[in-house]
Amino acid sequence: MSGDERLTIAPNAEQWQATCVAIGARGVLIEGVSGIGKSSLALALIDRGARLVGDDGVLLWSENGPLWAGPVRAIAGKIEVRNLGILEMPALSAVPIALVVVLDHAAPRFITGPESVARAGQILPLIRLWPDSPQLALRAELALTHYGLDAASGAS
């Protein structure tokens, strides 16, 4: 990524290895080890009405409060669909991040609240989800509803 590309988004943008979708006006950053299903979860959420922001890499920056995510120019509007390849898909240029979802085979069965994590200097709620759940997209939506930051204020 060139410095010029970073400046078109924000001068302090940093590239982050994750997938991001927008559910309504709130972004969900999907993280996990390679091959765990980040793109598959994004695709399932898109099937339920979410919109792609970036797959397998996003730019993160702060702009007067919330943390924003946008696509990396080289892969903007593309998503990897296992067994089909890298396909074109409409993508948003930016969304405020409300929640980090980490796909993790060791995700706890019960939680009392989200973990907190720093991304690009901002503190965000983090929820770990078991990646093999047949209801993974629904669980991600419920996590956003119950633990995600409010789009307008950046508060939970």
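The values are calculated or read from the model by the stated rules, or taken from the named source; none is laboratory data. Quick caveat: nothing in here was measured; it's all calculated off a predicted structure. With ideal geometry, Cβ positions are generated from the backbone for all residues, glycine too; neighbour counts draw on all protein chains shown. In case anyone asks, the SASA skips ligands and DNA or RNA and just uses the protein heavy atoms, side chains included. Shrake-Rupley method; radii C 1.70, N 1.55, O 1.52, S 1.80 Å.
For the pair residue 142 and residue 63 in one chain, pulling the backbone fully straight at 0.36 nm per residue adds 25.8 nm over the alpha carbon distance.
Using the Cβ-Cβ distance between residue 15 and residue 111 with R0 = 30 Å, the FRET efficiency computed as 1/(1 + (r/R0)^6) comes to roughly 0.55. Summed over the residues of the chain and divided among them, the accessible surface reaches 52 Å² per residue at a probe radius of 1.4 Å. Its Cα centre serving as origin, region 86-156 has a Cβ charge dipole (Lys and Arg +1, Asp and Glu -1) of approximately 160 debye. Checking (1) 153; (2) 194; (3) 105 against volume of the Cα convex hull per residue in Å³ calculated from these atoms, the matching label is (3). Note on the chain: dipole from Cβ charges, positive end direction compared against 49, 83, 142; the farthest Cα belongs to 142. Taking label positions 7 Å along the Cα-Cβ direction at both residue 88 and residue 25, the computed distance is 3.1 nm, reported to one decimal. In a reduced charge model with +1 at each Lys and Arg Cβ and -1 at each Asp and Glu Cβ, the chain shows a dipole moment near 220 debye about its Cα centre. The stretch between residue 34 and residue 150 holds 38.8 nm of extra length on full extension. This uses 0.36 nm per residue minus the Cα-Cα distance.
Let me have the relative contact order for region 1-99, percent, based on Cα pairs under 8 Å that are six or more residues apart.
Numbers: 206 pairs, mean separation 28.8, N = 99.
Relative CO of region 1-99 lands at 29 percent.
Three principal axis extents describe the C-alpha atoms of region 91-156; from largest down they are 30, 28, 20 Å. When the solvent-accessible area of the chain is split by element, carbon and sulfur atoms take up 52 percent of it, the probe being 1.4 Å.
Which of the peptides 105-116, 130-141, 53-64, 28-39 is most tightly packed, and how do the rest follow, going by the mean number of other Cβ atoms within 10 Å of each residue?
On the way: 105-116: 10.2, 130-141: 15.8, 53-64: 20.9, 28-39: 19.2.
Those peptides, ordered most packed to least, come out 53-64, 28-39, 130-141, 105-116.
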